[in-house]
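Undergrad: First the structure, which I've put down as C-alpha cells, then a few questions once you've had a look.
The values are calculated or read from the model by the stated rules, or taken from the named source; none is laboratory data. Every value quoted in this text rests on a predicted model; they were computed, and no experiment measured them. Cβ coordinates were reconstructed from backbone atoms using ideal geometry, including for glycine residues, and neighbour counts include every protein chain displayed.
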Amino acid sequence: MLIRVGFEIDVESAPQVPMLLALSTHGELTNRVIGHDTVRVEPFTPSEVYYDRFNNRITRIVAQGGTTRLWSDSVIEVSGVPDEVDPTAWQIDVQNLPHEVLSYLVPSRYCDSDNLTAAAWENFSGYPQGWARVQAITDFVHNHIAFGYQFGRTNKTASDVYRERTGVCRDFAHLAIALCRAMNIPARYVSGYLGDIGVPYQGAGDFCAWFEVYLGGRWLTLDARYNTPRIGRVPMVRGCDAADVAMITSFGEHKLTYFRVWTDEVQGAPSDAEVLAMLQTRPQGAPLVYPSSGRVA
C-alpha cells in the first residue's frame, strides 16, 4: 500500500531565530519512499539534519524573519496490515529488562507516573500481567477522556488529564504511558502520520500521537484515543513523552499561522514515475482549525 504523507506549516518570527524541527519520518523507518522525505523551507534557508538520542531525525534552521513556510511531501509504502494484537505478549520482570528500555519505566515531564501509582494499582492490579493489563489501561483511558482541541495545553501532565478527563491525542497517550509505567510496564510516546484509512473520515488532517509498550521482548503499538488497530501509521518521532519530540523548538518567539497535514492512500498501482509526477503538485485541502480560538494549529 502506498500512502502520500506531507504537511505545510507557516510560522512567523523575528529575524535570526534558531529552530529545531521534528518533522521528518523516524530515523529507524525502513519503508520504501518515493520522492524526498525531507523538510523544505521557503524562502530557501540553509538546513542541517542530525539524529537525537531517540534516533529522531531533526532539521536545524535559522528562520530569517517574517513568514517561513515548512513543508514536505512524499509517498511511503506500508504493509497495509493493521496494528499487531498479541494477547500472548507477556510482561517482563524489571530485573530482566534490557538496559535500553529502563528509561521508559520512570516518570518524565508529562508522564508523571509517580503521581498515578495508587490509581493504577487500584484500577488494574486485578488484570493479568502482559497484554490483558495494557489493554485494560488503554480501554480505561479511551473511555475516561473526552477529546477536543479546546482541551489541549502545553503544560498538561498525565495526572492533570486523569483529573480533568479531557484532552487531545497526546494527552490520551501520556495518561496511558504513565499508568503503564506505574505498573512497571515500559512505555514510550510516538507521534506521526495516521490517516483515515479503513475508517470513516475524521475531518481535516493532523499529526497523531499514540504509544508503544515493551512486552514479550518487543515494542507493540496501542492507541488510547481510537482504541482499535489501525492501518498505515508512519512514525515521525519517539521519546519518553512529548517534551522530547516537540514539532518546533524555537530559541526566540514564533507564531504558528498555518497548519495542514495530509495522509492519503494512493489509489491504484501507479509506477514510480507516475507518483513522482503526482508529487509535483501539493494536495489541496483546508487547514486544521482549533475551534477554541479560531486559530490554525
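Undergrad: Of all residues in region 1-23, count the ones that are crowded, with 20+ Cβ neighbours inside 10 Å and assigned to a loop (DSSP other than H, G, I, E, B).
TA: Residues meeting the conditions: 2.
Undergrad: Determine, yes or no, whether PRO98 is exposed (fewer than 14 other Cβ atoms within 10 Å of the Cβ) and assigned by TED's automatic domain parsing to the domain that holds ARG218. Talk me through it step by step, then tell me what you get.
TA: Details: exposed (fewer than 14 other Cβ atoms within 10 Å of the Cβ): yes; assigned by TED's automatic domain parsing to the domain that holds ARG218: yes.
Considered against the rule, which asks whether it is exposed (fewer than 14 other Cβ atoms within 10 Å of the Cβ) and assigned by TED's automatic domain parsing to the domain that holds ARG218, PRO98 comes out as yes.
Undergrad: Also: Go through region 44-63 residue by residue and tally those that are touching a Lys or Arg at 6+ places or on another chain (Cβ under 8 Å) and not β-branched (Val, Ile, Thr). So that I can check it myself, show each step before the final result.
TA: Start the filter on region 44-63 by keeping residues that are touching a Lys or Arg at 6+ places or on another chain (Cβ under 8 Å), which leaves 47-51, 54-56.
Now restrict to residues that are not β-branched (Val, Ile, Thr): 47-48, 50-51, 54-56.
Residues meeting the conditions: 7.
Undergrad: Follow-up question, since we're still on this one. Would you please list the contacts, defined by Cβ atoms under 6 Å and residues six or more apart or on different chains, that run from a residue in region 24-48 that is modelled with pLDDT of 95 or more to a residue that is of a type in the set (Lys, Arg)?
TA: Between residues of region 24-48 that are modelled with pLDDT of 95 or more and residues that are of a type in the set (Lys, Arg), the close pairs are SER24/ARG57; GLU42/ARG69; GLU48/ARG60.
Undergrad: Going by the conditions given, is GLY65 farther than 25 Å from PRO283 by Cβ and not assigned by TED's automatic domain parsing to the domain that holds ASP196?
TA: Details: farther than 25 Å from PRO283 by Cβ: yes; not assigned by TED's automatic domain parsing to the domain that holds ASP196: yes.
Yes; evaluated as a whole, the condition is true for this residue.
Undergrad: Consider region 226-252. How many of its residues are over 16 Å from GLU100 (Cβ atoms) and assigned to a loop (DSSP other than H, G, I, E, B)? So that I can check it myself, show each step before the final result.
TA: Going residue by residue through region 226-252, those that are over 16 Å from GLU100 (Cβ atoms) are 226-237, 241-243, 245-252.
Filter once more, so that each one left must be assigned to a loop (DSSP other than H, G, I, E, B): 226-233, 241, 245-247, 251-252.
The qualifying residues number 14.
Undergrad: Return the residues of region 101-132 that are under 19 Å from ASP244 (Cβ atoms), among the small types (Gly, Ala, Ser) and surrounded by 16 or more Cβ atoms within 10 Å (Cβ to Cβ); say none if nothing qualifies.
TA: Initially, region 101-132 is screened for residues under 19 Å from ASP244 (Cβ atoms), giving 101-114.
Add one more test, that the residue is among the small types (Gly, Ala, Ser), and what stays is 103, 108, 113.
Hits for region 101-132 are SER108, SER113.
Undergrad: Another question, if that's okay. Of everything in region 30-78, what is at positive phi, touching a helix residue (DSSP H, G or I) at 6+ places or on another chain (Cβ under 9 Å) and in a loop (DSSP other than H, G, I, E, B)? Give them in sequence order. Walk me through how you get there before you give the answer.
TA: Initially, region 30-78 is screened for residues at positive phi, giving 35, 55, 65-66.
Imposing the further condition that a residue be touching a helix residue (DSSP H, G or I) at 6+ places or on another chain (Cβ under 9 Å) reduces the set to 35.
Within region 30-78, none qualify.
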